[in-house]
1. Looking at (1) surrounded by fewer than 18 Cβ atoms within 10 Å (Cβ to Cβ); (2) closer than 19 Å to residue B:243 by Cβ, which is the one condition that is false for residue B:85?
2. Residue check: is residue A:64 out of contact with any helix residue (DSSP H, G or I) (no Cβ under 6 Å at 6 or more places or on another chain) and either within 7 Å of chain B (Cβ to nearest Cβ) or touching a residue at least 60 places away in the same chain (Cβ under 8 Å) (or both)?
3. With B:237, B:261 as the choices, which residue is assigned to a strand (DSSP E or B), surrounded by 24 or more Cβ atoms within 10 Å (Cβ to Cβ) and in contact (Cβ under 8 Å) with a residue 40 or more places away in the chain?
4. Taking residue A:56 as the residue in question, decide whether it is surrounded by 14 or more Cβ atoms within 10 Å (Cβ to Cβ) and without any contact (Cβ under 8 Å) to a residue 40 or more places away in the chain.
5. Can you give me the number of residues within segment B:254-280 that are closer than 14 Å to residue A:34 by Cβ and more than 9 Å from every other protein chain (Cβ to nearest Cβ)?
6. Tally the residues that are surrounded by fewer than 20 Cβ atoms within 10 Å (Cβ to Cβ), over 9 Å from the mean Cα position of the chain (by Cα) and facing chain B (nearest Cβ under 8 Å), restricting the search to segment A:32-43.
7. Any chance segment B:288-307 includes a residue that's in a loop (DSSP other than H, G, I, E, B) and either within 14 Å of chain A (Cβ to nearest Cβ) or surrounded by fewer than 17 Cβ atoms within 10 Å (Cβ to Cβ) (or both)?
8. Would you confirm whether any residue within segment B:164-173 is free of Cβ contacts under 8 Å to residues at least 24 places away in the same chain and in a loop (DSSP other than H, G, I, E, B)?
């Protein structure tokens, strides 16, 4: 699932939660789904899992990439 | 005040002479523009610059005070050819004169600026800077490429800002020389390499601040062309706010500093994080509200509440009952009164018609032994017993004739 699709789903859930004709059971299930989804997305956005890499060599057609040590 | 005639008086104090020299030099030498080589450069901790300006044969002491020095966009070093503007300043206590500088630029800057301007016109005419050619930045990039010096402060700024604002974003450093004669070609090569191998989805091309010459590689033709050809959107981030290079014009976006470029590429991700937070808050608020409503509903069905409700209903019925009872009693009373009245009326009517009332007036009733009323003489015979009834009782009588 794409980020946009997931966010749309959360928006849909938020809207249903504020509608009075949604039953309590349904609301609770929706809430759980929405929270899990938003947690997952937040993790993909904020998790410090990013790689910092650097290109080695000068040959533009043959690239070698290695991890970039900060403060190097 | 000294007047010009002092000279003619023959004898002068040192102060008089110095004062004359000061007036003459300072009033006669102003609005100067002097070109020379920096020598013996001594920046003071107070921010003032002290140095000597020289050429092949002569030298002059020079000073640039803090108020002017901070506006110079480079730090002069030994041997720099500079052009300064200023005026002469006489320091009486030592009997020296010096050049007081108000502006300083590297000599030849005028030539460089003219060249850059011509190049800019040229590329503008070729349509290199057209808005229609500019590509939008990806709102949610996966990997950002940075063409800069791997050891520069600019890269550190970028890494720091990205790790704070968009910690999930991958960064690829494309190391380039950013200063000197070979710089332009390494920058252009890295931009081409990123495109050739599709190494990233957005490129930051830049460096930290420096002199006009330091920034020149970013205005070179090969860099301008590499940026123009780039399929990957390019953010030009050269120097400080006031600095510029031709890469700023051809890039898809110009960032005033490398830090600002990092903020630009991470803006979409940051926005999304904020959007997610706000959505989550909305969900929590909605559910809270919902539960509050339900709690209120549940409270209404508590035994105490139900009992109160029941009591209220009972009280109402009880009141109706008491009311009905009273109505009934009243109705009975009314009926009784009515009958009593009718009875009284009947009694009075009856009394008016009673024969006893006639007897009271002195009449008597005669009946035969069988109790039959005797109306006339013919109904009796002599010797017959009759009964005479008076108002107060009766007597037996015998008919004699």
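1. Status for residue B:85: all satisfied but (2).
2. Details: out of contact with any helix residue (DSSP H, G or I) (no Cβ under 6 Å at 6 or more places or on another chain): yes; either within 7 Å of chain B (Cβ to nearest Cβ) or touching a residue at least 60 places away in the same chain (Cβ under 8 Å) (or both): no.
No; evaluated as a whole, the condition is false for this residue.
3. Details: B:261 fails: assigned to a strand (DSSP E or B).
The conditions single out B:237.
4. Working: surrounded by 14 or more Cβ atoms within 10 Å (Cβ to Cβ): no; without any contact (Cβ under 8 Å) to a residue 40 or more places away in the chain: yes.
When the stated conditions are applied, residue A:56 does not pass them.
5. Taking segment B:254-280 and keeping what is closer than 14 Å to residue A:34 by Cβ, we get B:275-280.
Still in the running and more than 9 Å from every other protein chain (Cβ to nearest Cβ): B:278.
Here the count works out to 1.
6. Count: 1.
7. To start, the set of residues in segment B:288-307 that are in a loop (DSSP other than H, G, I, E, B) comprises B:301-302.
Next cut, either within 14 Å of chain A (Cβ to nearest Cβ) or surrounded by fewer than 17 Cβ atoms within 10 Å (Cβ to Cβ) (or both) only: B:301-302.
The answer is yes, given that some residue of segment B:288-307 is in a loop (DSSP other than H, G, I, E, B) and either within 14 Å of chain A (Cβ to nearest Cβ) or surrounded by fewer than 17 Cβ atoms within 10 Å (Cβ to Cβ) (or both).
8. Taking segment B:164-173 and keeping what is free of Cβ contacts under 8 Å to residues at least 24 places away in the same chain, we get B:164, B:167.
Then keep just the ones that are in a loop (DSSP other than H, G, I, E, B); that gives B:167.
Checked against the condition, which is being free of Cβ contacts under 8 Å to residues at least 24 places away in the same chain and in a loop (DSSP other than H, G, I, E, B), segment B:164-173 yields at least one hit.
The values are calculated or read from the model by the stated rules, or taken from the named source; none is laboratory data. Fair warning: this is a prediction, and the values are worked out from it, not measured in the lab. Every residue, glycine among them, receives a Cβ derived from its backbone with ideal geometry; neighbour counts consider all protein chains shown.
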